[in-house]
Each structure stands twice: as C-alpha cells, then as structure tokens.
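The values are calculated or read from the model by the stated rules, or taken from the named source; none is laboratory data. Predicted model, so just to flag it, every value in this text is computed and none were measured. We place every Cβ from the backbone using ideal geometry, glycine too, and count neighbours over all the protein chains shown. Keep in mind that these areas ignore ligands, DNA and RNA; they rest on the heavy atoms of the full protein, side chains included. Shrake-Rupley method; radii C 1.70, N 1.55, O 1.52, S 1.80 Å.
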Amino acid sequence: MDKRVARRGFLVSGAVVGAGALVSACTGNEPAASPSSAAPQAATAGTDNDKPGTKVVIGFSAPAADHGWIAAIAKNAEAQAKQYSDVEFKPVEPTNDINQQISAVESLIAAKVNALVILPNDGEQLNQVARKAMDAGIPVINLDRVFPDKLSYRTWVGGDNYGMGVAAGSYIGKTLKDKGVSNPVILEIQGIATLPLTQDRSKGFADALKTYGFTVTAKQDAKFTVESGTQVASNLLQAHKKIDAIWNHDDDQGIGVLAAVKEAGRSEFFMVGGAGSANAMRDIAADSGVLKATVTYSPTMASSAIKLARLIAQGKGLSDLVEQQVPQSITLASETITKENAQKYLPLGFES
C-alpha cells in the first residue's frame, strides 16, 4: 500500500467494531455472494437491508495502484458495489498527484453523486474538497487516511495502526515466553520511520512487548518496498548473529525481507508480518519457513466503505446496531493470522 501519508484511527461512536464484527454488522445489507479475494463476502443475516432500495450513485477516488494493498482497495470497492442492483459505481481515475485527485473529486461533486468514498493521497491536502462535498449535501465516507476536519466527512472507516503493533508484540511476546526464552533478540523492520502511522505501530509493539518484560533490540525502516526490504533485512541479519524474532510491518516489503532470509540461510528465529497479504497467508499455512504469523490491516475496509456509503445514501443504519444511523467512525481490529486460521482468512488477503 502507498503508505507515504499518515493514518489515524478512531473508535466507533458508542461501540468498538472489529473487522469481523463490521463484516457481520454490514452483512445484512447485501445479497448473498461467494467469497473471493477481490471482494470478500460473508453469509447474509436476512434483514430488510438485503432488499434493493433507492437507486444511489457512489463516487470513488483513491491513489494509484502502485502497491498490492492499494490495488486491493480499488478492486474491493468495485466488486462490492457490483453486489447491489441499486448502486451505480462511479470511480474516477486513480492518481498519486494531489491536484489531480482534487480535480477528480470536484468532478464527482459536479456530477451530484449520492455519496463519495474517498481514500485521499493526503487527508490534510484534500480536506477542503471533501468539505466542499459535505457542504453540497454529499456524504463523504473517509477511507483510511483521515481528513483533519470532522466536518469534511460523514463517516470514517479504517485500520488500527497501534493495534497492529499490539497484535504483533503480543504474539511474539507470548511465543517467546512459552518457549522459556529470556533476554531475546527482537528485531523490528518498519515501513517509513518518520510517518505517524509507523510510529503508532512501533509504540503498540513496544507496549505489548513490555508486558512480557521484553524490548526491541534493533529496528530499521524499509520504506515499504521489496528492494529496501531485502537490503534492510540483509543488514540486520549480518549485524545480529543470533535472532529470536522479527516483526516486519508490511507484507509487501516482506517479500524482500524473506528473500534476504533465504539468501542468508537463517532459520533460528520466527517472523511476524503485517497487513495480511494472501502471499503471507499461504506461507504461514504451509509452515515451511520463518514466517509464522501476520497481523491484519485489511483492504477489505474498502468493501465496508461501499456498504456504509450505500446505507448512508439510503438513510439506513447498520442492522446489528440499535441506533438508526451509521456510526461516525469505525476502527477495524488488527487480527492475528497463524497456520491455525490462515485458510479462513485467505479469501480476505490481497496479492503482493
């Protein structure tokens, strides 16, 4: 995923909703469909929200698909929209250019769409155009990278970066404790160290490890690229002759990390990934290498954003909540995927 811009997460207004909970909560809003890696579907709950309602046009804007996670965001959104006979999906050309994305969103506002799903390249720089949509009466569903002004979006849905770190740290801490390891060498391979999202992940990781009496031995950022993943992992492997565990923040850059591990012929440690790619899940299920788990930051959030946009545009709420309206913000839980549940989560993975 293009993680050059920071993300911030929030709790659901009045409730905490995890990834699985959100799927089940929104499930009653769609017809039944078979699972697929493009747009994961769960069994329907059979509520009135299943039935076609008022026809709505949902505009969609996101960065260019130059990363496996971002590519999955666009695919999931489009595939989810196709599940509804009452939804017309109106995407604009994906771009990493801020001004082009602003112009694209303005074209959707001019087209008077019924709702807008926006994953901004930069929440701060697109804040004003999102506010323009809201002022025009078009509800904005802010996906992942948050707009700083709450008046610029109706609902935010995204992942929990701090929670990713906690999930990874908890898995590593418990595993090492169960093995009776003392004073372990724990390495951390970040994305881009200067980003708040990375700092949130690292803080969650450190906080979780601390509960087991452990700390990070060394960490280095790998820029969220395969090439940097290989280089950084090679450097860390050379610097540490004995390693007990590694947390790599991102499964896309993890391809490079695992290549370096294989090249070095090292296997005395175990590794945890991040984001939940299908590639990582298959490796975990096979249990044939050092990768033993990954913690999710799932692009299925795009599917959920389309569900929410449809409900908001039709004046409906989530069928599993008492409240009549869709919550103002939803944070998806970071789930831990191991060989025991990898097959269950595989349909939700994205291809790196």
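For G180, the shell of other residues with beta-carbons less than 13 Å away shows a net charge of +1, using +1 for Lys and Arg and -1 for Asp and Glu. Note: relative contact order over the chain, using C-alpha pairs below 8 Å and six or more positions apart, is 24 percent. For the chain, a Gaussian network of Cα nodes joined below 10 Å ranks E188, E78, E263 by mean-square fluctuation, and the top entry is E263. Helix content alone sets the calculated 222 nm mean residue ellipticity of the chain: runs of n ≥ 4 DSSP H residues at -39500 (n - 2.57) each, divided across all residues, give -11500 deg cm²/dmol. Per-atom-type breakdown for the stretch 128-253 gives carbon and sulfur 53% of the accessible area (1.4 Å probe, protein chains only).
Principal axis extents of the C-alpha atoms in the stretch 189-330 (largest first, rounded to whole Å): 59, 31, 26.
The P(r) of the chain has a tail past 33 Å containing 27 percent of all C-alpha pairs.
Stretching A239 away from D66 to a fully extended chain increases their span by 59.1 nm, per 0.36 nm per residue minus the current alpha-carbon distance.
Rounded to 0.05, the FRET efficiency of the K210 and N183 pair, given R0 = 22 Å and the Cβ-Cβ distance, is 0.95. Using only Cα atoms, locate the centre of the stretch 286-311 and the centre of the stretch 171-190, then give the distance between them in Å, rounded to an integer. Each part's Cα centre sits 25 Å from the other's. Taking Rh as the Kirkwood radius computed over C-alpha pairs, what is the Stokes-Einstein D of the stretch 67-129 at 37 °C in a medium of viscosity 0.692 mPa s, expressed in µm² per second? It diffuses with D of about 258 µm²/s by this estimate. Here the stretch 246-352 is described by how far its Cα atoms reach on the three principal axes: 57, 24, 19 Å, from widest to narrowest.
For the listed residue pairs K112/K223; K210/K307; K90/K344; K132/K307; K179/K210; K179/K339, the alpha carbons are over 27 angstrom apart in K112/K223; K210/K307; K90/K344. Of S103, S288, S202, the residue with the greatest mean-square motion in the GNM of the chain, using alpha carbon springs below 10 Å, is S288. Using a cut-off of 12 Å between beta-carbons, work out the net charge of the residues near V232 (Lys and Arg +1, Asp and Glu -1, V232 not included). My count for the surroundings of V232 gives -2.
Taking all protein chains as present, what is the carbon and sulfur share of the accessible area of the stretch 259-334, in % to the nearest whole number, probe 1.4 Å?
Ligands and nucleic acids excluded, carbon and sulfur reach 48 percent.
Among N183, N161, N127, the residue with the largest mean-square fluctuation in a Gaussian network model of the chain, with springs joining Cα atoms closer than 10 Å, is N183. Each label was represented as a point 7 Å from its Cα along the Cα-to-Cβ direction; for N99 and S85 these points are 4.6 nm apart.
The residues of the chain present an accessible area of 40 Å² per residue when probed at 1.4 Å with all protein chains retained. Between T194 and D320, the simple label model (points 7 Å from Cα in the Cβ direction) yields a spacing of 4.1 nm. Across the stretch 199-352, Cα pairs under 8 Å and at least six residues apart give a relative contact order of 20 percent.
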